[in-house]
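The block underneath contains the structure these notes are about, expressed in C-alpha cells.
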Amino acid sequence: MRGIVFHGTGDVRVENIDDAQIADDHDILVQTKLCGICGSDLHVYHNEASDIGIGGGKDTFCIGHEAVGEVVEVGKGVVDLAVGDQVMLAAMTGCGACRWCLMGESKRCKRGFKVYGFGGELGGCQAEAIRVPAGDFNAARIPDGVSDEQAILLTDNLATAYGALLGAEVRAGKSVAVVGLGPIGLMAVELALVMGASVVYAIDPVAERKAWAEKLGAIPVDGTDVAEQIREATQGLMVDCVIEAVGRDAAMTTAISLVGVQGFVSALGVNTSMDFRIPFKAFAEGVTIRGNFITEVHKFWPALVPMLQQKRIRPEQFITERVSLDKGPEAYAKFDRREGGTLKALLLP
C-alpha cells in the first residue's frame, strides 16, 4: 500500500509501505477515505524529535494521525464494529479495557496511550489503510448527520479545541482570548461563542485570519501591544479565559499577559522549547495554566456531535485544501509556508 513516509527534516515522500494487517483479536483494519495534515505533524516534518518522542528510534516511518474510512476487516474479539462500517478514528488511542480508559481518561491508560504516525508502535494514518488497536474503543461509526469532513475534524482538531476551552473553564458570560488563528484556533473561536462567551478576542499577525475570526463574531486585536489594547478594552480587568494555539514561547508569553485575576490559560499549541518565563503576576493573581497538547478525543464526541448535527458549528469551513495522497509532500510544504490562506489540508488516498 502507499503512504507518506518521513525521511528527514522537510523530506516526506509517498512510497510503498508494508500493508496494514490485523495483529490482535481486538484490532480492526480501516481503508482510508480521508486523512488530514495537522499542525502537530509539522513537528515531525521539522524533525523536532528530542522533546516529544518522535521517531521511536526509526529513521523512516509513515506519518499522520487523523483519518476516517471504512472497516474492511475485524479481529475475532471485536464486538461492536463490522465490515462496511464508516468510522472515525481517535488520534490518541488507549487499551479500552483498563479503569482509566473506561472512565474516559485514556491519557492515563495502564498500558500507555499511543498516537498514530510518530514512529512508535502505531503506523501513520496518511496511508491507504490503517490498523486500529482496540477497534471498538478507538474508532466509532460516523454519526448520522455528520459528514466525512466533519468527522475527520472530530478525530483531533475539533476535540483539541474543545478540550482546551474546557481547560480554560470557558462558560456562559466569560471573556475569552484566542492567541493563534490557525484551524484549531478558529475552531476555538467558533466553539467559545457557541458555549456562551460574552466576548472573544482574536489575536494573530495574519490579517486574513483575523478577518475570518471577525466573521465568526470575534473581535480582532490589531497592532503589536496586544496586552495594552485588551487592558483598555476591559478597563483593566483583562480576560477570564485565554487559549494559546500556536506552540511558541512568544505566543505563550502573550497569552499569560492577557489573563486576568484568577483567570485561566489553556495551551493547546505543541511547544517544544518551553523557555518562556512565567511572570510573578501569574502567581500573585492566582492564574491557572494548563497544558492540552494531546487530547483524549473519545470523551468529547458526545458533546461535539450534537453541535454538528444541529449545525451550531461548521468547522469544515476551515478546510482549505483537498488533494490526492500523491500530492501530500507538496501539501506539507505549502502548509509549512502558510501559503495562499492555507488552513486545513485533507488528503484523499
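The values are calculated or read from the model by the stated rules, or taken from the named source; none is laboratory data. The shown structure was predicted, so the numbers you read here are calculated from the model rather than taken from an experiment. When we count neighbours, we look across all protein chains shown, and the Cβ atoms used for this are built from the backbone with ideal geometry, even at glycine. Each accessible area value is taken on the protein alone, full model and side chains, heavy atoms only, with ligands, DNA and RNA left out. Shrake-Rupley method; radii C 1.70, N 1.55, O 1.52, S 1.80 Å.
General remarks:
- Scaled against the 2.2 N^0.38 Å expected of a compact globular protein of N residues, the Cα radius of gyration of region 161-239 reads 1.00.
- Hydrodynamic estimate: the Kirkwood radius of region 11-156 over Cα pairs, inserted into Stokes-Einstein at 10 °C and 1.306 mPa s, corresponds to D of 103 µm²/s.
- For trypsin sites (Lys or Arg not before Pro), the sites in region 88-186 that DSSP calls loop and that have at most 13 other Cβ atoms within 10 Å are Lys110.
- Accessible surface of Ser324 - all protein chains present, 1.4 Å probe, nearest 10 Å²: 50 Å²
- For the chain, the equivalent ellipsoid built from the Cα gyration tensor has semi-axes of 34, 21, 19 Å, listed from largest to smallest.
- Translational D in µm²/s for region 64-218 (Stokes-Einstein at 25 °C, 0.890 mPa s, Kirkwood Rh from C-alpha pairs): 143 µm²/s
- Listed residue pairs exceeding 20 Å between alpha carbons, taken from Lys33/Lys76; Lys114/Lys299; Lys58/Lys114; Lys114/Lys334: Lys33/Lys76; Lys114/Lys334
- Choice from Gln317, Gln126, Gln235 with maximal GNM fluctuation in the chain (Cα, 10 Å cutoff): Gln235
- For region 1-46, the fraction of C-alpha pairs farther apart than 11 angstrom is 75 percent.
- Accessible-area composition of region 96-238, carbon plus sulfur, in percent [1.4 Å probe]: 51 percent
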